[in-house]
Amino acid sequence: MKELTKRILYSMVIIIAYEIGTHIILPGHLIRAYQSTDFMKSVSLVIGGDLSKMSFFSLGLAPYMSGMIFWRVIQSLNKDRFSKISENRIYYFRTVLILFIAIIQSLGLAVSIKANVDFVNNNIFNITVATIVFTTGSMFTMWLVEMNMQSGIGGPSLLILVGILVRLPKFVWSFLKENLLDYPTIESVVTFFVSVTGVILIVGIISFILGSELRIPVRRIMIRNDLAAPTYIPIKLLPANAMPYMFGMTFLMIPQLIFPFLSNILPFIKKDTISDLTSLSTWYGICLYLIILIILGYGFAFVNVNPSEISEDLRKSGDYIVDILPGYDTREYVTHKLMDMASIGNLATMILLGVPLMLSLNWPQLSSFSYLFGSLLILNTTIVTIIDQCRALVEKERYPSILPKEN
């Protein structure tokens, strides 16, 4: 319990530092959201920031998350080369990539709010300072995440979890006040009970999805399989887990942040076109968001479950999948099964996330719940991850150290 307590206290310090940063506001009056309020709230939830006010940590984890996914793609294209590079150099290259993305996103956000920042009576100076502040906040956020991964619990998801939990009571209270306390009507009461029922159903469906998996049986050599515990390769029903939802909204937000910067270079790009294309209040914006989630769903499925590594590990150990030849056939078999599970997971995404989004176009009162599935999935996954880490630390201390302690 000593190490667990130490890590929890360390993470609490990081949370306090981050929350203080979210209240360091840029000089000027608060910016009005250039998207719908619900869109800005949903973006803020999954990036750990707050785009409703311009603070030191407005961008939250957006540059870090974007940089990590690009880095994973770059690394997967040439694994042999990166395997020969030291961890320090990899960290350096990854940090430079995140810094570049942070500068681009910060510059776009600074240009979009240039009329709302009052450092001096000079737009260029205001944009430059705001860009530096946002970039510094993003890199400081990356440092907090790295420190939490080393000495705390929860990793990068902790800041997202805190962001959701901090805003959840306010959201619930405003919903109760709007539908039951201020001016209750038959329609508002029905909306309240339908929403509560929907939340309960979604929580149950999420628990079922996260707990469901396909088990591919594996035969182990040199062991009597009828006496040994069953060995299998697990592939979850949602192999990408909550990663597409964490990164999907970030990618949908990027055009909004870089548009003010690109509009000066490419004047034919219209602001209304970008706004409609990235808004969750238009059917083509919703379709674009779902397409992003599907692409990320397949991509992260292969990141979390790598058929090539599984095939190679089985080949080295001599184990094999029943009725499947080792090597190429094993890799293709696992790939086929993974694609099947990822397709089912993406179909569930289309239904549980896409249908409420489409319904909210005709029933605006549902707009606040249109992104509920993704938020609850992130919340559930993050809590489970933290609980697993805490359990592992507790179990670790129950076993005595093999090596003698240094005096």
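Exactly one residue out of Phe140, Phe193, Phe208 is under 21 Å from the mean Cα position of the chain (by Cα) and free of Cβ contacts under 8 Å to residues at least 40 places away in the same chain, and it is Phe208. Meeting the requirement of 1 or more residues that are crowded, with 18+ Cβ neighbours inside 10 Å and within 22 Å of the chain's Cα centre (by Cα), the helices (runs of 4 or more DSSP H) wholly within the stretch 283-359 are 283-304, 328-349. Taking the stretch 46-163 and the helices (runs of 4 or more DSSP H) fully enclosed by it, the elements with 2 or more residues that are at pLDDT 80 or above are at 62-77, 87-112, 123-151.
Taking the stretch 313-328 as the range and being closer than 15 Å to Ile233 by Cβ and in contact with a Ser or Thr (Cβ under 8 Å, 6 or more places away or on another chain) as the test, the residues that pass are Leu314, Arg315, Asp319, Tyr320, Ile321, Ile324, Pro326. Pairs are defined by a Cβ separation below 8 Å, a sequence spacing of at least 6 or placement on different chains, a first member in the stretch 306-333 that is among the aliphatic types (A, V, I, L, M), and a second member that is open to solvent by 60 Å² or more (accessible area, probe 1.4 Å) and in a helix (DSSP H, G or I); the pairs so defined are Ile310/Arg331; Ile321/Tyr333; Ile324/Tyr333. Pairing residues of the stretch 95-122 that are polar (S, T, N, Q) with residues that are at pLDDT 75 or above, at Cβ distances under 7 Å and at least 6 apart in sequence or on separate chains, gives Gln105/Leu59; Gln105/Ala62; Gln105/Pro63; Ser106/Leu59; Ser106/Thr131; Ser106/Phe134; Ser106/Thr135; Ser106/Ser138.
A residue that is under 28 Å from the mean Cα position of the chain (by Cα), aromatic (Phe, Trp, Tyr) and at pLDDT below 75 occurs somewhere in the stretch 237-247. Out of all the residues in the stretch 156-179, which are closer than 29 Å to Cys390 by Cβ and either buried (at least 18 other Cβ atoms within 10 Å of the Cβ) or of a type in the set (Lys, Arg) (or both)? Answer for the stretch 156-179, where residues must be closer than 29 Å to Cys390 by Cβ and either buried (at least 18 other Cβ atoms within 10 Å of the Cβ) or of a type in the set (Lys, Arg) (or both): Pro156, Ser157, Leu158, Leu159, Ile160, Leu161, Val162, Gly163, Ile164, Arg167, Lys170. Look through Asp319, Asp272, Asp323, Asp276 and report the one residue that is at positive phi and modelled with pLDDT under 85. One residue alone meets the criteria, Asp323.
Looking at Leu372, Leu376, just one residue is at pLDDT below 80, of a type in the set (A, V, I, L, M, F, W, C), within 30 Å of Leu214 (Cα to Cα) and open to solvent by less than 30 Å² (accessible area, probe 1.4 Å), and that residue is Leu372.
The values are calculated or read from the model by the stated rules, or taken from the named source; none is laboratory data. Everything numeric here is computed off the predicted structure, so don't read it as measured data. Note that each Cβ is placed from the backbone with ideal geometry, even for glycine, and that neighbours are counted across all protein chains shown. Only protein heavy atoms, including side chains, enter the accessible area calculation; ligands, DNA and RNA are left aside. Shrake-Rupley method; radii C 1.70, N 1.55, O 1.52, S 1.80 Å.
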